[in-house]
Amino acid sequence: MRVWLYPLLVVIAASSYGLVSTIIKLAMLGGFSASEAITSQFFIGFCLAALIFILTNRKKLSLKGFGILILAGILTAMTNIVYGRSLIYLPASLAVVLLFQFTWIGMFISCIAKRQLPSRIEFISLIVLFAGTIPAAGLMDVDLSQIPIQGWLWGLAAALCFSLFLFVNGKPTASMNLSNRLLLVSFFAFMTTAVFQSPEIIWNGTLFGEGLWIYGLALGLFGMIIPVYLFTIAVPKVGLGLSSILGAFELPIAVMVSVILLHETVTVLQIIGIVIIIIGITLPTMQNQNPLSVKNKGVKIKV
């Protein structure tokens, strides 16, 4: 059972991220902007991380591995900021597809870091994921001819930021427990967001006076605390390549939650795409009934 625990944690973390887009849409329906919602996400996420640190940590705040955590915080914030920019130029369905390029980008980063080619089952899984992503996102009938180049670049930049976040956040930091890491990552994520988004919500009454904190609390939990905490535990055990594949579970969750909470329609093609994605995700985890075994089955690259 234990060999399934870490892949399951990656799936739960990715599923948590899948709730974020719907919560932001609900905040916008409530009269707030996406920028305000994202700022509330990282501010309340930092407050929650500070509370966890105070309640669970009995040692002084360790600063070992400080540089890694600064970078992890910046990257998790930039993923949200850049993805928001892509939505200015792209339909939501195409923006999701571009964000999901983190599957092969993460695999590529993993190959470079380990000097090892992906295993055959991982490569097949990526192909299956690509086959399912476009119909699952409802992109079959979208006209791409009028999409500006800025949209494509912002969308791919979001995918790159998320891939790098997974890579950096999976790096171990000596003598630093999870509450330390969570506090520092969330702090630098909030500081980065405050520079580019809407920090004025904290003091102008929007956050607490107008009820934005309700959405911020949900976003802080599902878009910051839960995924960062679980990715920190699981990615070093599972590996970046397999984590990128398992992370694709975010899309089916995002579609299902939008149907339930926003009453959006889902087509038969989208359902077929979701099923294909789930198949692609499960392929590596079924090899030898050991989901961690795929980490070491690639072909080594001699340098």
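The values are calculated or read from the model by the stated rules, or taken from the named source; none is laboratory data. Small disclaimer: the values here were computed from a predicted structure and weren't measured. Neighbour counts run over all protein chains shown; Cβ positions are idealised from the backbone, glycine included.
Checking 191, 176 one by one, the residue that is in contact (Cβ under 8 Å) with a residue 12 or more places away in the chain, outside any helix (DSSP H, G or I) and over 16 Å from the mean Cα position of the chain (by Cα) is 176 and no other.
For the range 197-221, the set of residues classified as modelled with pLDDT of 90 or more and crowded, with 22+ Cβ neighbours inside 10 Å consists of 201, 212, 215, 216, 219, 220, listed by residue number.
Among the residues of the range 1-47, write down those that are over 18 Å from residue 84 (Cβ atoms), surrounded by 16 or more Cβ atoms within 10 Å (Cβ to Cβ) and not hydrophobic (A, V, I, L, M, F, W, C). Once the filter is applied, which keeps residues that are over 18 Å from residue 84 (Cβ atoms), surrounded by 16 or more Cβ atoms within 10 Å (Cβ to Cβ) and not hydrophobic (A, V, I, L, M, F, W, C), the range 1-47 yields 6, 7, 15, 16.
When every residue of the range 30-39 is checked against the conditions, none turns out to be in a loop (DSSP other than H, G, I, E, B) and touching a Lys or Arg at 6+ places or on another chain (Cβ under 8 Å).
Of all residues in the range 48-70, those satisfying the criterion of being surrounded by fewer than 16 Cβ atoms within 10 Å (Cβ to Cβ) and at pLDDT 90 or above are 50, 51. Among the residues making up the range 130-143, those that are at pLDDT below 80 and either in a helix (DSSP H, G or I) or crowded, with 22+ Cβ neighbours inside 10 Å (or both) are 130, 133, 134, 136, 137, 138. Looking only at the range 222-244, which residues are within 15 Å of residue 18 (Cα to Cα), in contact with a Leu (Cβ under 7 Å, 6 or more places away or on another chain) and not polar (S, T, N, Q)? Passing the criteria: 222, 225, 228, 230, 231. Considering the conditions (1) crowded, with 16+ Cβ neighbours inside 10 Å; (2) of a type in the set (S, T, N, Q); (3) modelled with pLDDT of 80 or more, residue 285 is excluded by exactly one of them, (3). Inside the range 111-125, residues that are in contact with a Phe, Trp or Tyr (Cβ under 9 Å, 6 or more places away or on another chain) and either at pLDDT 80 or above or among the acidic types (Asp, Glu) (or both) make up a count of 1. The set of residues in the range 148-191 that are of a type outside the set (S, T, N, Q), buried (at least 19 other Cβ atoms within 10 Å of the Cβ) and touching a Lys or Arg at 6+ places or on another chain (Cβ under 7 Å) comprises 154, 176. The residues of the range 230-265 that are under 20 Å from residue 126 (Cβ atoms) and either polar (S, T, N, Q) or not in a helix (DSSP H, G or I) (or both), listed by number, are 239, 243, 244. For residue 88, the stated conditions do not hold, so it cannot be described as on the phi < 0 side of the Ramachandran plot, modelled with pLDDT of 80 or more and not charged (D, E, K, R).
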